[in-house]
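**Student:** Before anything else, here's the structure in question.
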Amino acid sequence: MTKVAVRRLVIFGASNIVSDLFDCALANRLHPAKVVLHFPESAGARDVPLAARIAALKGLCEPPQVEMLDDFQPGASELYLLGPTTPTRANLAAELERRFGLRYHTLVHPTAYVSPLAQLGQGVFVGANSVVGPGACLGDHVFVNRGVTIGHDTHIGSFSRIQPGANLGGLSRIGSGVTVAIGATLLERLVIGNGAFVGAGAVATEDVPEGVLVTGIPARFKKAF
């Protein structure tokens with residue numbers, strides 16, 4: 001009988017969402033085998049340290065190893081995913097490309113629905129109970145958190161993050177490096193510029209220029225980055 005290799009998930013970088021990645025990996029019967037840090041962890045006063053998140057896996061799987069990027073070498077049966085959701089992800093991806101030329105796993109929670117007519121780039125994460133509609137196109141390393149709805153034919157650029165409970169209408173164009181915060185709503189047929197930030201609970205009813213923060217109902221300019 002042929003032994004099936006265990007699929008091992010390697011996560012580059014730590015953040016407060018790494019437990020979501022652990023959870024989704026386990027739900028997909030992947031082993032979260034390793035967390036590779038590109039710089040020493042710096043947990044804030046209200047953060048949960050990586051060690052505590054790893055300790056929570058006790059009894060569920062063999063705990064992942066933690067190592068620094070300078071010590072990492074790719075191995076067999078490994079799948080790769082970026083951990084941080086901050087804009088520094090693009091810099092990390094560039095460094096990993098320079099060193100290793102890796103391809104990335106697309107990780108979708110079993111309770112999410114992704115239309116077979118949608119397209120997901122490499123390194124995309126789709127969290128529990130999210131919906132990605134037909135014709136939607138998500139660029140590389142887009143992070144879709146829990147309970148998100150992405151409407152039909154909406155395109156989202158690489159390295160954007162869509163936070164829990166956000167609702168994106170159809171036929172929209174979301175740039176790269178965009179953040180749509182918790183519970184925000186975007187009406188259909190909008191254009192959101194690169195690096196824009198739609199604040200928590202905001203309702204965007206018109207296009208948002210690149211590199212600005214909008215907040216409120218309806219969403220209005222707050223500041224430029």
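**Student:** In what order do Ser115, Ser158 fall by count of nearby beta-carbon atoms within 10 Å, going from fewest to most?
**Tutor:** Ser115, Ser158
**Student:** Let me know the charge dipole size of segment 107-220 about its Cα centre in debye, to the nearest 20, where only the beta-carbon of Lys, Arg (+1) and Asp, Glu (-1) is charged.
**Tutor:** Values: 5 positive and 6 negative charges, 41 e Å.
The dipole of segment 107-220 has a size of about 200 debye.
**Student:** Within the P(r) computed for segment 107-220, what percentage of the Cα pairs occupies the region above 19 Å?
**Tutor:** Percentage above 19 Å: 32.
**Student:** Could you tell me the distance between the Cα centroids of segment 58-122 and segment 5-39, to the nearest Å?
**Tutor:** 7 Å
**Student:** State which stretch of the chain is the longest one without any exposed trypsin sites (Lys or Arg not before Pro), exposure meaning a DSSP loop state and at most 13 other Cβ atoms within 10 Å. Provide the component values of the computation, followed by the final result.
**Tutor:** On the way: sites that count: Lys3, Arg29, Arg46, Lys58, Arg103.
Between the exposed loop sites, the longest stretch runs 104-225.
**Student:** How much net charge surrounds Arg173 when only other residues with a Cβ under 14 Å from its Cβ are counted (Lys, Arg +1; Asp, Glu -1)?
**Tutor:** Charge balance in the 14 Å sphere: -4.
**Student:** If Lys and Arg each add +1 and Asp and Glu each add -1, what is the summed charge of the other residues whose beta carbon sits under 15 Å from the beta carbon of Leu187?
**Tutor:** Charge balance in the 15 Å sphere: -1.
**Student:** What nm distance separates the two modelled labels at Ser42 and Glu67, each placed 7 Å from Cα along Cα→Cβ?
**Tutor:** In this crude spin-label approximation the distance works out to 2.5 nm.
**Student:** Related question: When N counts the residues of the chain, how does its alpha-carbon radius of gyration compare numerically with 2.2 N^0.38 Å, as a ratio?
**Tutor:** 1.03
**Student:** OK, next. Let me check I've understood the local charge: for Phe125, count other residues with C-beta under 10 angstrom from its C-beta, Lys and Arg +1, Asp and Glu -1. What total comes out?
**Tutor:** That sum, taken over residues with Cβ under 10 Å, equals 0.
**Student:** For the residues Cys61, Cys24, what sequence is obtained by ranking on other C-beta atoms within 10 Å, fewest first?
**Tutor:** Listing Cys61, Cys24 from fewest to most nearby Cβ atoms yields Cys61, Cys24.
**Student:** Give the cross-link partners of Lys223 among the aspartates and glutamates, using a straight C-alpha distance below 12 Å as the criterion and excluding same-chain residues fewer than 8 apart.
**Tutor:** By straight Cα distance, Lys223 reaches Glu210.
**Student:** For a quick check: sort Ile156, Ile182 by the number of other beta carbons within 10 angstrom, fewest at the front.
**Tutor:** The order, fewest Cβ neighbours first, is Ile182, Ile156.
Coordinate-derived values only; no laboratory data. The structure displayed is predicted, hence computed values, not measured ones. Note that each Cβ is placed from the backbone with ideal geometry, even for glycine, and that neighbours are counted across all protein chains shown.
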